[in-house]
Amino acid sequence: MLEHIRADAGMTERYLVNFDTENLPYEFYDVVIIGSGIAGVYTALSSPRNAKILIITKEAIEMSNSVLAQGGIAVSLDQNDSPDLHFKDTLIAGAGLCDDSAVKVLVNEAAENIATLCLYGVNFDRDEGNMLALTREGAHSMNRIIHTGDATGKEVCDTLVRAVSLLKNVTIREQTFAIDILTENGECKGVLTSNEDGTELKAYYAPVVVCASGGYGQLYSRTTNPEVATGDGAALALRAGAELMDLEFVQFHPTVLCHPDNQNFLISEAVRGEGAVLRNNRGERFMDKYHPMKELAPRDVVSRAIFQEMQKTGSNHVFLDITHRDTVFLQHRFPTIYNKCLSYGIDMAKDFIPVAPCQHYSMGGIRTDEWGRTRILGFYAVGEAACNGIHGANRLASNSLLEGLVFGRRIGRQVQENLDEIKIREGFRPRISYNREWIGKDIDYISMKKKLQEIMTLNVGIIRSEDSLNEAMRIISGLKSEIEGVRIVHTHHMELKNMLTLASLVVKAAIMRQESRGAHFRTDYPATDDQNWLKNIVFKAGG
Ligand code: SIN
């Protein structure tokens, strides 16, 4: 078991807004799931059909980070592969910080969940023998990525959303913002929500709340994440008394389109899996100087190598070269990427694709055990919102959709096993209220968010140092104090508050971790320090 360092998150507010449940509209459910990505929807599908379930999502049901996932899902299916090899690769990528037993759960339960997806009708690509086609991505020692072209997330999410929409026991509410979870004596009692603009509050009572709200990519100006990824789940968990872990580990995907009109479009690692090579702006291939696995080295290594080449050659990008593959292959294997590139005048079969690293995934999140449980009774977290130790300091490619499946099903199983106990007693609603003085003041949400994203991108990116981090903390503290105690009147303000909470903790953890490991690289501590630093940083409100 790893040692943990506990730190005070410095929170003062328990809830973001004043309310009294006595005066709010309300509904009763057995389970409320926050988020409609693969983790949230699969948790609902894995729960018993006699549980009354609500899925809330702040946007439309089909808008999630999972939908954008291109590459695929890692699973050891090849006859020369095994969960053991998948386990080893995950640990190596995680740079010493993975939780071994959580990773074992992930790799051992992978195949049975993929079988379930096939039963739901997910249409994965097949090989000539009609077996699931396997490709490779960075830091995998075997071909073990199943996929649907380059739109795997969309195929899986579309199929699962269709299936969940048919269930009579599941209600879906879109444009519903989860402000905070309601707690009483350390137990989860439900969720406080608002409509899109924050004008109508509502209480959803439920003994089980599952946070599957995704990560916090929007802390950065360049991210592959959608607008909704503002870290609301982690921030509300912290306010309620849950712990956050590994926040300093932010994954930067090496190859994101770098075109004047689009700097956020992912060029899947699977393109390198199919043989693409990286070249600097002099046309020179460079990855062999940095790692024996070259273009398929772990993501953090490739991203830093690209960053160094960009600095060396004074360019804001390098190139991805897959011109050895012909148009027919590329159109078939990567239709989304092929067409997107073409829309910017880049023909992948003939032209090099300009790419640069950009924020892609948050390894840190709400600390859970192997069953998705947090330290609040009845409150669970799953998917990118959670941190159960499977990614360590650097997530292995295509382990994230898998995480949502494996741990979503584990939560569903617990609901199944404990349904008699947890069944909501409709009519019994605890009175929960919050009332503090707020200051009335206009908040320029857009410019504050932009300033936050810029400083995070510039100072808390692939390469960090004490100076860059202290400067980021200074700016973030200034932004936080501008809105401290200010009455919130719109969900955009709630998002900003959540983002500032998380940003300050990402920076605090990055300052505390005086070494380089996985996705966290410090120029002032360039070495990995296994003697003093093989430990997780855990934040909790009040320390
Ligand atoms: C990719 O397709 O490169 C992304 C896959 C992942 O993030 O695991």
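Quick note: the coordinates plus some simple rules give every number you see, no bench work behind them. Since this is a predicted model, take the numbers as computed values, not measurements. No Cβ is skipped: glycine too gets one built from the backbone with ideal geometry, and neighbour counts run over all protein chains shown.
Phi angles across region 105-121 convert, under the Karplus curve 6.51 cos²θ - 1.76 cosθ + 1.60 with θ = phi - 60°, into 3J(HN,Hα) values of 4, 4, 6, 6, 9, 5, 4, 5, 6, 5, 4, 4, 4, 4, 5, 5, x Hz, Gly and Pro given as x. For region 320-431, the Cβ-based charge dipole about the Cα centre amounts to some 440 debye (Lys, Arg positive; Asp, Glu negative; other atoms uncharged).
Applied to region 441-458, the Karplus parametrisation 6.51 cos²θ - 1.76 cosθ + 1.60 on θ = phi - 60° returns per-residue 3J(HN,Hα) values of 7, 6, 10, 8, 4, 5, 6, 5, 5, 5, 4, 4, 4, 5, 5, 5, 5, 6 Hz, with x for Gly and Pro.
In this structure the amide hydrogen of LEU377, modeled in the peptide plane, comes within under 5 Å of the amide hydrogens of CYS188, none closer than 5 places in sequence on its chain. With the dipole of the chain worked out from charges on the C-beta (+1 for Lys and Arg, -1 for Asp and Glu) around the Cα centre, which of HIS324, THR21, GLY217 lies farthest toward the positive end? Result: THR21.
The stretch between GLU112 and ARG425, if pulled fully straight at 0.36 nm per residue, gains 109.3 nm over its current Cα-Cα span. Sequence-ordered 3J(HN,Hα) estimates for region 290-298 from the Karplus curve with 6.51, -1.76 and 1.60 and θ = phi - 60° stand at 10, 7, x, 7, 6, 4, 9, 5, x Hz, glycine and proline given as x. Distance between the modelled labels on MET293 and ASN143, one decimal in nanometres: 1.8 nm (7 Å Cα→Cβ projection).
Distance between the C-alpha centres of region 105-139 and region 165-197: 32 Å, rounded to the whole angstrom. Taking the charge dipole of the chain about its Cα centre, with +1 at Lys and Arg Cβ atoms and -1 at Asp and Glu Cβ atoms, the residue from ILE390, MET287, LEU244 reaching farthest to the positive side is LEU244.
Close amide H contacts of SER221 (hydrogens built in the peptide plane, cut-off under 5 Å, sequence separation of 5 or more or a different chain): THR457. The angle between the Cα long axis of helix 466-483 and the main principal axis of the chain comes to about 30°, on a 0 to 90 degree scale.
Under a model in which nothing but the beta-carbon of Lys, Arg (+1) and Asp, Glu (-1) is charged, the chain shows a dipole of about 300 debye around its Cα centre. Sorting the segments 368-375, 268-275, 395-402 by their residues' average number of neighbouring beta-carbon atoms within 10 angstrom, most packed first, yields 395-402, 268-275, 368-375.
Counting every pair of alpha carbons in region 79-215, the share spaced more than 18 Å apart comes to 71 percent.
For LYS52, the residues whose modelled amide H falls within less than 5 Å of its own, excluding neighbours fewer than 5 places apart on the same chain, are ASP30, VAL31. Taking every Cα-Cα distance in region 1-89 and sorting them into 10 Å bins from zero, the calculated P(r) comes out as 11, 21, 28, 29, 8, 3, 0 percent.
The alpha-carbon positions of region 308-402 define a convex hull whose volume is 152 Å³ per residue.
Neighbour counts of C-beta atoms inside 10 Å place GLU515, GLU384, GLU184, GLU309 in the sequence GLU184, GLU515, GLU309, GLU384, starting with the fewest.
Were the residues from SER465 through GLN308 laid out at 0.36 nm apart, the gain over their Cα-Cα distance would be 55.0 nm. Seen against the Cα atoms of the chain and their longest principal axis, helix 152-165 is set at about 30 degrees. A helix-only calculation puts the chain at -10500 deg cm²/dmol for mean residue ellipticity at 222 nm, using -39500 (n - 2.57) for each DSSP H run of at least four residues, averaged over all residues. Highest mean packing comes first when the peptides 212-225, 247-260 are listed by Cβ atoms within 10 Å, giving 212-225, 247-260. From largest to smallest, the equivalent ellipsoid semi-axes obtained for the chain from the alpha-carbon gyration tensor read 36, 28, 21 Å.
Where does region 364-462 land on Rg(C-alpha)/(2.2 N^0.38 Å)?
In units of the globular-protein estimate, region 364-462 measures up at 1.55.
Taking the charge dipole of the chain about its Cα centre, with +1 at Lys and Arg Cβ atoms and -1 at Asp and Glu Cβ atoms, the residue from LEU377, CYS358, LEU496 reaching farthest to the positive side is LEU496.
Give the angle, between 0 and 90 degrees and rounded to the nearest 10, that separates the Cα long axis of helix 299-313 from the longest principal axis of the Cα atoms of the chain. The angle comes out near 60 degrees.
Separation of region 1-65 and region 295-326, taken as the distance between their Cα centroids, equals 38 angstrom. Here is the tail figure for region 1-155: Cα pairs spaced more than 18 Å apart come to 71 percent of all pairs.
Extending 7 Å from the Cα toward the beta-carbon at both ALA60 and ASP197 defines two label points whose distance is 2.1 nm. Computed over neighbours whose Cβ is under 12 Å from that of VAL107, the net charge equals -4, Lys and Arg +1, Asp and Glu -1.
Using 0.36 nm per residue and subtracting the Cα-Cα separation, the extra length available between TYR26 and LYS535 on full extension is 179.0 nm. Between GLU454 and LEU167, the distance separating the two model label sites (each 7 Å from Cα on the Cα→Cβ line) works out to 4.5 nm. About its Cα centre, region 44-179 has a charge dipole of approximately 680 debye under the convention of +1 per Lys or Arg Cβ and -1 per Asp or Glu Cβ, with nothing else charged.
Descending by average beta-carbon neighbour count within 10 Å, the peptides 527-535, 41-49 line up as 41-49, 527-535, the highest first. What the Cβ-Cβ distance of ASP84 and ILE439 gives, at R0 = 60 Å and to the nearest 0.05, is a FRET efficiency of 0.55. Please report the spacing between the Cα centers of region 511-543 and region 219-294 in Å, no decimals. Measuring centre to centre over Cα atoms gives 20 Å.
Counting Lys +1, Arg +1, Asp -1, Glu -1, what net charge surrounds GLY389 among other residues with beta carbon under 10 Å of its beta carbon?
Here the count lands on -4.
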